[in-house]
1. Do we find that ALA79 is farther than 30 Å from PRO213 by Cα and modelled with pLDDT of 90 or more in this structure?
2. Restricting the range 103-122 to residues that are under 18 Å from GLU76 (Cβ atoms) and out of contact with any strand residue (DSSP E or B) (no Cβ under 6 Å at 6 or more places or on another chain), which is nearest to ligand 2 (Cβ to nearest atom)?
3. Give the residue that is nearest to PHE152 (Cα to Cα), with candidates limited to residues of the range 84-100 that are touching a helix residue (DSSP H, G or I) at 6+ places or on another chain (Cβ under 6 Å) and either charged (D, E, K, R) or more than 9 Å from ligand 2 (Cβ to nearest atom) (or both).
4. Find the helices (runs of 4 or more DSSP H) located wholly in the range 171-272 whose residues include 1 or more that are at pLDDT 95 or above and in contact with an Asp or Glu (Cβ under 7 Å, 6 or more places away or on another chain), and list them.
5. Would a scan of the range 112-126 turn up a residue that is out of contact with any helix residue (DSSP H, G or I) (no Cβ under 9 Å at 6 or more places or on another chain) and of a type in the set (Ser, Thr, Tyr)?
6. Among residues belonging to the range 185-214 that are of a type in the set (A, V, I, L, M, F, W, C) and under 18 Å from TRP243 (Cβ atoms), point out the one that is surrounded by the fewest Cβ atoms within 10 Å (Cβ to Cβ).
7. Somewhere in the range 135-156, is a residue small (Gly, Ala, Ser) and in a loop (DSSP other than H, G, I, E, B)?
8. Give me the pairs: first residue in the range 70-97 and away from ligand 1 (no atom under 15 Å from the Cβ), second residue among the hydroxyl-bearing types (Ser, Thr, Tyr), beta-carbon distance under 7 Å, and six or more apart or on different chains, which are they?
Amino acid sequence: MPMPINATPEYFKAEEKFRSAKTQEEKIAALEEMIRECPKHKGTENLLAQLKAKLAKLKKAAPKKSTGKKTGVKKEGEAQVCILGMPNAGKSTLLKKLTGVDVEIADYPYTTKEPAVGMMDYRGVRIQLVEIPATFEPEHMSIVRTTDAIVFVVRDDEDEEKLRKICSDNFINKKTIVLRKDINTEEIKKRVWKMLGLIMVYTRDPATKNDEPMALPRGSTVKDFAERIHKDFVKNFCFARLWRKEDGVVERRVGLNYILEDGDIVEIHQKI
Ligand SMILES: Nc1nc2c(ncn2[C@@H]2O[C@H](COP(=O)(O)OP(=O)(O)OP(=O)(O)O)[C@@H](O)[C@H]2O)c(=O)[nH]1
Ligand SMILES: [Mg+2]
């Protein structure tokens, strides 16, 4: 492939990854990275077009994803976080601590051989946690490739370095936090939540005045919020009443385009 003008080291790294990629999946991931990293200007237009054509071809030829019953994990909850660590680092212990799920914990390595799943509750919001076996098999790493964020469980800096290398070798570049043993459970939950970068918004039922938490990406609007409850909520939307903690709790009337903030309480009123 011709070399783009002013390409960044990241581009060349991606190109190198593409060259050394063995599987179809790795090739696709590397190409996507090349497209992302390729400088976008007149001189690279042709190259970009070529890269995109190549990607489309590869994707078309790629075998259709199976339902993945054996090793895949169905995403549930408001977000998914993968737990990665070297053998015996304490992944299962963490999973059990945060979700209560009954997993095998033992003082010998490779106890966990298949992904183990649990649901963590954070102030009423459900976050799915998945322990990835320390064998780092490709089919398990593809779960990590589509996850929302990663927790590294490490004993020392060397563990952390190894995990970073494993991720980079598998074309994984996600938000990550690093945990060592014996951290307080509440503290860990807070750090996981913070890493996800979501806001917590509460739906207030006009009839019962009950508040239910909902997690949304930062910058979401009242429309995004309403859609998540039910699509008819947007169609029949009249106005929303919103309470925000700003010098006390201020109440305002807002429309669909209003941008929400963490902690907002929203009551949707529909046309009758
Ligand atoms: N003191 C202490 N021991 C821990 C902690 N976490 C795990 N351990 C111990 O470390 C050993 C391994 O824990 P696991 O949770 O099974 O580790 P894992 O990373 O899931 O291990 P594999 O699935 O075998 O890769 C067990 O003997 C645990 O009791 C911790 O936070 N503090
Ligand atoms: Mg384990």
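The values are calculated or read from the model by the stated rules, or taken from the named source; none is laboratory data. Since the structure is predicted, the reported quantities are computational estimates derived from the model, not experimental observations. Note: ideal-geometry Cβ built from the backbone for every residue, glycine included; neighbour counts use all protein chains shown.
1. On the way: farther than 30 Å from PRO213 by Cα: no; modelled with pLDDT of 90 or more: yes.
In short, no.
2. Here the residue is GLU114.
3. Taking the candidates together, the pick is LEU84.
4. On the way: elements: 185-196, 222-229, 232-235.
The qualifying helices (runs of 4 or more DSSP H) are 185-196.
5. no
6. Checked the range 185-214; the qualifying residue surrounded by the fewest Cβ atoms within 10 Å (Cβ to Cβ) is ALA207.
7. Going residue by residue through the range 135-156, those that are small (Gly, Ala, Ser) are 142, 149.
Adding the requirement that they be in a loop (DSSP other than H, G, I, E, B) leaves none.
There is no residue in the range 135-156 that is small (Gly, Ala, Ser) and in a loop (DSSP other than H, G, I, E, B).
8. Once the first residue is away from ligand 1 (no atom under 15 Å from the Cβ) and sits in the range 70-97, its partners that are among the hydroxyl-bearing types (Ser, Thr, Tyr) give GLN80/THR147; VAL81/THR147.
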